[in-house]
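Visitor: Next up is a structure, given as structure tokens.
The values are calculated or read from the model by the stated rules, or taken from the named source; none is laboratory data. These numbers were taken from a predicted model, which means no experiment stands behind them. Here the Cβ is made from the backbone with ideal geometry for all residues, glycine too, and neighbour counts use every protein chain on show. Side chains included, ligands, DNA and RNA excluded: accessible areas come from the protein's heavy atoms. Shrake-Rupley method; radii C 1.70, N 1.55, O 1.52, S 1.80 Å.
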Amino acid sequence: MGSACRHSAPGRAADGRGVGAFADDGPNERRTQPGWNVTVPMLDLVAQHRTIRDAVVPALLAVVERQAFIMGSEVGELEEAIAALSHVRHAIACASGTDALLLPLMALDLKPGDEVIVPAFTFFATAGAVHNAGGTPVFADIEPGTFNLDPAAVDAAVTPRTRAIIAVHLYGQMAATERLAAIAERHGLAFIEDAAQAIGARRRVDGTWRMAGETGTAGTLSFFPSKNLGGWGDGGMILTGDDALAERLRRLRLHGGAKQYHHDEVGLNSRLDTVQAAVLLVKLRYLAGWSAARRDRAARYDAHLGSIGGVTPPLVESANEHIFHQYTIRAERRDALAAHLKARGIGCAIYYPTALHLQPCFADLGYRLGSLPVTEAAMADVLSLPIFPELTDGQQDLVVDAVRAFYA
């Protein structure tokens with residue numbers, strides 16, 4: 001592992017206490033860093049588990065006793081609960097957040113040359129799913145304050161080959177869905193909300209709160225363990241208000257057939273395990289409180305970090321209620337600050353050190369350094385600090401004091 005301040009996917013725990021080192025859709029590993037005295041972990045899932053163990057373990061054991069591990073009743077119950085939370089008619093559980101992106105793209109029946117506009121400043125799965133569904137990702141630049149898709153850049157990227165727009169609600173703050181959805185509607189495109197980091201986030205549009213995943217043709221969620229609502233393994237969910245799309249997605253996740261051994265099309269084996277649904281149903285009861293605690297921690301950071309020269313706290317748009325999957329600052333001399341925090345045993349992470357348009361696997365698309373200047377500026381100075389509901393005032397004070405000392 002080597003460094004406390006890891007170049008990794010959101011939620012990866014950079015600590016030495018066996019909390020778990022997580023990457024979105026990566027391996028679930030337990031790692032330690034001998035010799036590193038951790039004072040503040042990036043994420044502490046063990047602390048969370050201690051607060052809910054007496055509720056979640058019996059729910060898991062109930063599934064074990066019934067031996068109903070595949071598509072048990074808890075899966076349907078979770079789908080209903082998430083649909084209600086997200087203000088949509090349908091929630092379709094699947095095996096991962098990546099599959100939650102892939103399945104709606106499969107339902108678009110993309111042909112070679114079909115384009116899907118995506119941000120370059122996000123986790124790889126957003127663009128990888130486009131490629132795996134048969135389309136071509138087209139990367140658009142972001143807004144410097146929120147790190148979310150810039151609607152003007154999206155509008156400029158639309159061509160006759162464009163089939164869809166995917167907006168990522170990065171770090172837990174919703175993108176400008178009303179503007180992006182309007183662009184999609186004007187051009188006859190599908191609009192997909194990647195809400196993997198934003199379950200329960202909301203945005204006020206024309207005086208009404210709209211939930212993450214509510215506005216799009218489809219919305220997607222991830223239940224990877226490090227997410228704000230995380231399971232004990234992989235899991236995902238697709239949200240939609242379209243009855244016909246929901247019916248097709250339910251077929252696609254089960255090898256393309258609504259009836260066993262009868263297949264209307266070729267789909268995936270992408271079912272959410274019953275044990276994961278059971279765990280998530282219990283944890284869902286705590287989600288609102290956890291989100292409120294994250295906002296409280298973020299406000300406390302804002303109050304202390306806002307006066308430090310060289311640090312720019314995250315911008316929260318007035319229309320948004322942020323759930324702070326990550327608390328991401330912009331920092332002068334970012335890499336030196338990261339090393340300074342690591343030396344003090346403080347976890348931190350860079351999401352993302354190399355944007356997707358500069359990844360080797362997309363080199364043939366023709367993007368170069370300078371293609372997306374706002375994205376590339378963010379690559380150079382973003383740093384995420386520890387934020388989780390169980391973070392104590394004392395731990396947070398250590399983080400703030402360390403940042404202040406660096407810029408003194």
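Visitor: Could you give me the residue pairs with C-beta distances under 7 Å whose first residue belongs to region 372-399 and is without any contact (Cβ under 8 Å) to a residue 60 or more places away in the chain, whose second residue is among the hydrophobic types (A, V, I, L, M, F, W, C) and open to solvent by 10 Å² or more (accessible area, probe 1.4 Å) wherever it lies, and which are 6+ apart or on separate chains?
Guide: Filtered contacts from region 372-399: GLU376/LEU369.
Visitor: Can you tell me how many residues in region 210-233 are among the small types (Gly, Ala, Ser), within 16 Å of ALA95 (Cα to Cα) and not in a strand (DSSP E or B)?
Guide: Count: 4.
Visitor: Does any residue in region 288-314 that is farther than 16 Å from HIS325 by Cβ and in contact (Cβ under 8 Å) with a residue 24 or more places away in the chain come within less than 7 Å, Cβ to Cβ, of a residue that is open to solvent by 60 Å² or more (accessible area, probe 1.4 Å) and in a helix (DSSP H, G or I) six or more places away or on a different chain, and which pairs are these?
Guide: Close Cβ pairs satisfying both conditions: ILE308/ARG404.
Visitor: A further question on this structure: When region 177-200 is examined, which residues are found to be touching a residue at least 40 places away in the same chain (Cβ under 8 Å) and surrounded by fewer than 24 Cβ atoms within 10 Å (Cβ to Cβ)?
Guide: Within region 177-200, ALA190, GLY200 qualify.
Visitor: With the condition kept exactly as written, say whether any residue in region 383-404 is open to solvent by less than 60 Å² (accessible area, probe 1.4 Å) and more than 30 Å from ARG50 (Cα to Cα).
Guide: So far as region 383-404 goes, no, none of its residues is open to solvent by less than 60 Å² (accessible area, probe 1.4 Å) and more than 30 Å from ARG50 (Cα to Cα).
Visitor: Run ALA349 past the list (1) closer than 28 Å to TYR407 by Cα; (2) in a helix (DSSP H, G or I); (3) touching a Pro at 6+ places or on another chain (Cβ under 9 Å) and report the number of the one that doesn't hold.
Guide: Status for ALA349: all satisfied but (2).
Visitor: Oh, and also: Restricting to region 352-382, name every residue that is open to solvent by 50 Å² or more (accessible area, probe 1.4 Å), over 25 Å from ALA339 (Cα atoms) and part of a helix (DSSP H, G or I).
Guide: Matches in region 352-382: PRO360, CYS361, ALA363, ASP364, LEU365, PRO373.
Visitor: Also, I was wondering about something else. Checking MET174 against (1) over 29 Å from THR328 (Cβ atoms); (2) touching a residue at least 60 places away in the same chain (Cβ under 8 Å): exactly one of these is not met. Which one?
Guide: Only one criterion is unmet by MET174, namely (1).
Visitor: Next question, about the same structure. Here's a check for you: in region 98-122, which residue that is open to solvent by 10 Å² or more (accessible area, probe 1.4 Å) and in contact with a Lys or Arg (Cβ under 8 Å, 6 or more places away or on another chain) is farthest from PHE191 (Cα to Cα)?
Guide: GLY113
Visitor: Considering only region 123-142, how many residues are open to solvent by 20 Å² or more (accessible area, probe 1.4 Å), part of a helix (DSSP H, G or I) and closer than 18 Å to ARG253 by Cα?
Guide: Total satisfying the criteria: 1.
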